Amino acid sequence: MKYRRILLKLSGEALQNREKGLSIDPEILASISRQFKELIKEGAEIAVVVGGGNIFRGLAGEKGGTDRTTGDSMGMLATCINALALQSALENAGVETRVQTAISMPAVAEPFIRRKAMRHLEKGRVVIFGAGTGNPYFTTDSAAALRASEINADVLMKATKVDGIYTADPVVDPNAVRYDKVSYAEALNKQLKIMDAAAFSLCMENDIPIVVFNFFKDGEILRVFRGEDAGTQVSH
């Protein structure tokens, strides 16, 4: 294996099934649980930052007249709903978990405490981080980079619907070429849309490689974990 402790950034949309009209699809959760079990068997320590875009986005709320700070708080609560749904699915599959949130809600989850999170990981528990950073105006990408730095993650894996970073949008441009590896400097110079600027800068400063991969391709997350040719790696 190439990595041991991973921070997986999972968008809220990854849990969604638009065709069925489901904000959270139980079949997708079951599929995620199976992949996590395989990773744990390989020796992975898994932490997850989950988004809330399948339920509510602060920016979308602002366009509808909601104050941005209030909207972002609503979005953070949406991430907690997803975190609890993921926890339930994982534990139904026999995977021990803990949910930690940046906003205190002791009736349903632990508060984020760095040392406790790292201890859970050492014991083989999947740690799911909810409520982003706990602050408005920061995305869950920033939360993923922050938590990855705090728990000393070996890699930040960004789950997407495409198999890496391309020179252009592969859905729109059939001539787009995928990068196998790209440096932080090159990604900045070419303005490759990997994560938001704050998240990207934090990973660069703390030398945390980012791997962008197709989470929905069978076995892809295992190939990334093993260091095989999968996805695109961003590093120094």
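A few notes on this one:
- Screening region 119-196 for strands (runs of 3 or more DSSP E) wholly inside it with 1 or more residues that are hydroxyl-bearing (Ser, Thr, Tyr) returns the ranges 155-160, 181-183.
- Just one of the numbered conditions (1) in a helix (DSSP H, G or I); (2) closer than 23 Å to residue 194 by Cα is not true of residue 80: (2).
- One residue from 21, 75, 65 being crowded, with 21+ Cβ neighbours inside 10 Å and not basic (Lys, Arg): 75
- Taken as a whole, the structure places residue 91 among residues that are of a type outside the set (A, V, I, L, M, F, W, C) and either part of a helix (DSSP H, G or I) or under 19 Å from residue 111 (Cα atoms) (or both).
- Residues of region 197-213 that are in contact with a strand residue (DSSP E or B) (Cβ under 9 Å, 6 or more places away or on another chain), in a helix (DSSP H, G or I) and over 15 Å from residue 232 (Cβ atoms): 199, 204.
Residues are listed down the side, and each one gets a yes or a no for (1) closer than 22 Å to residue 104 by Cβ; (2) in contact with a Lys or Arg (Cβ under 6 Å, 6 or more places away or on another chain); (3) at pLDDT 95 or above; (4) surrounded by fewer than 19 Cβ atoms within 10 Å (Cβ to Cβ):
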| residue | (1), (2), (3), (4) |
| --- | --- |
| 126 | yes, no, yes, no |
| 129 | yes, yes, yes, no |
| 143 | yes, no, yes, no |
| 153 | no, yes, yes, no |
| 158 | no, yes, no, no |
| 164 | no, yes, no, no |
| 167 | no, no, no, yes |
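- Residue within region 36-43 that is within 20 Å of residue 215 (Cβ to Cβ) and among the basic types (Lys, Arg) present: yes
- Index of the failed condition, residue 89 passing every other in (1) out of contact with any Pro (no Cβ under 8 Å at 6 or more places or on another chain); (2) surrounded by 20 or more Cβ atoms within 10 Å (Cβ to Cβ): (1)
- If the condition is being in contact with a Lys or Arg (Cβ under 7 Å, 6 or more places away or on another chain) and surrounded by fewer than 15 Cβ atoms within 10 Å (Cβ to Cβ), then region 24-53 contributes only 43.
- Exactly one residue out of 130, 164 is over 27 Å from residue 102 (Cβ atoms), out of contact with any Leu (no Cβ under 7 Å at 6 or more places or on another chain) and small (Gly, Ala, Ser): that is 164.
- Residue 106 more than 23 Å from residue 44 (Cα to Cα) and either under 18 Å from the mean Cα position of the chain (by Cα) or in contact (Cβ under 8 Å) with a residue 40 or more places away in the chain (or both): no
- Filter result for residue 61 (of a type in the set (Gly, Ala, Ser) and either in contact (Cβ under 8 Å) with a residue 24 or more places away in the chain or in a strand (DSSP E or B) (or both)): no
- Of all residues in region 184-217, those that are modelled with pLDDT of 85 or more and exposed (fewer than 13 other Cβ atoms within 10 Å of the Cβ) total 2.
The values are calculated or read from the model by the stated rules, or taken from the named source; none is laboratory data. This structure is a prediction, so every number in the text was calculated from the model and none was measured. We place every Cβ from the backbone using ideal geometry, glycine too, and count neighbours over all the protein chains shown.
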